[in-house]
1. Roughly speaking, what is the centre-to-centre gap between the range 150-174 and the range 196-240 when only Cα atoms are used, to the nearest Å?
2. Rounded, prolate or oblate, given the Cα gyration tensor of the range 212-332, with a/c below 1.5 counting as rounded?
3. Shape call for the range 31-204 from the C-alpha gyration tensor, a ≥ b ≥ c root eigenvalues: rounded (a/c under 1.5), prolate (a/b greater than b/c) or oblate?
4. Taking the mean number of other Cβ atoms within 10 Å as a proxy for protection, how do you rank 239-251, 323-335 from highest to lowest?
5. For the range 212-332, what relative contact order do you get, as a whole percent, if you take Cα pairs closer than 8 Å and at least 6 residues apart?
6. Report, in deg cm²/dmol and to the nearest 500, the calculated mean residue ellipticity at 222 nm for the chain, where each DSSP H run with n ≥ 4 adds -39500 (n - 2.57) and the sum is divided by the residue count.
7. In percent, how large is the relative contact order of the chain, given Cα pairs closer than 8 Å and 6 or more residues apart?
8. Where both partners of a DSSP beta bridge lie in the range 31-204, what percent of those bridges are antiparallel, to the nearest 5?
């Protein structure tokens with residue numbers, strides 16, 4: 001068993017600076033200590049795998065009456081789209097098969113009781129309540145999905161986190177699903193950021209168009225929200241970059257933007273031209289080999305930050321309601337400087 005370092009401005013500063021991951025704590029983050037929120041965490045993994053098969057009817061009844069949305073989500077994730085579950089109790093019994101039970105035991109050994117993660121998630125949702133005072137706080141569910149999905153939302157009420165996604169880069173994940181550039185981020189240090197990124201995507205909603213710029217701005221909004229929900233978390237973790245990759249995008253912001261403009265990518269609707277610029281990838285098309293994937297998302301984040309600096313009175317609720325990507329780009333007056 002290994003213990004991963006936890007994020008803290010005061011405790012990690014020297015360490016992160018030394019290895020090149022540090023990108024600064026937000027000194028202007030609001031004080032949210034006194035904000036009260038209805039925060040609930042359900043360890044469905046423990047409920048399922050620590051319940052005797054004979055007691056599954058009682059577990060099902062409890063989940064059906066108290067957590068119906070998660071139960072719907074869970075059956076959908078574990079059976080696949082279009083599959084109907086005729087007997088949920090038999091379904092839960094099938095989910096206790098030895099392979100999933102071993103995954104549960106492994107998460108217990110590596111991740112423990114998740115006290116640090118629950119603390120950080122609570123603080124993140126205090127920031128959510130600060131910036132989105134009318135938004136309901138979802139219940140957080142931890143479960144085992146057998147690598148189906150790392151973190152996802154289900155309506156306003158569910159934020160589901162699959163713990164088997166965070167067992168560390170040395171865990172023998174299926175290589176065909178998780179190449180090394182993905183596995184290096186599948187650890188406890190990234191759990192909260194992945195969960196809150198899923199929640200930020202829910203707040204932003206669907207991409208409002210099919211141009212590259214629409215994806216850039218939409219994903220940039222999610223990163224902007226994520227940065228404010230986790231103000232003490234390094235940009236490298238928010239972006240799932242290494243320290244060297246983080247430094248590369250900062251050093252080459254002008255070059256990346258010039259590439260997008262000169263190659264007429266901003267208003268392209270051909271996904272094949274910009275897929276690697278917005279989706280997880282080991283690199284970005286048309287850039288040097290050291291350029292990480294998703295560079296379009298990072299530039300989109302910088303555009304959104306520039307836009308919000310130009311609109312200091314705009315709330316985040318107002319930001320996410322803007323669907324005109326061209327407006328955000330124009331009013332941001334985004335113009336990176338050549339280094």
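1. After rounding, the separation between the Cα centres reads 18 Å.
2. oblate
3. Oblate is the answer for the range 31-204, as a/c is 1.5 or above yet b/c matches or exceeds a/b.
4. Those peptides, ordered most packed to least, come out 239-251, 323-335.
5. 36 percent
6. -16000 deg cm²/dmol
7. 19 percent
8. Of those bridges, close to 35 percent are antiparallel.
No value in this document is a laboratory result; all are computed from the given coordinates. Since the model is a prediction, treat every value here as computed from it, not as a measurement. Ideal geometry is used to build each Cβ from the backbone, glycine not excepted, and the neighbour counts take in all protein chains shown.
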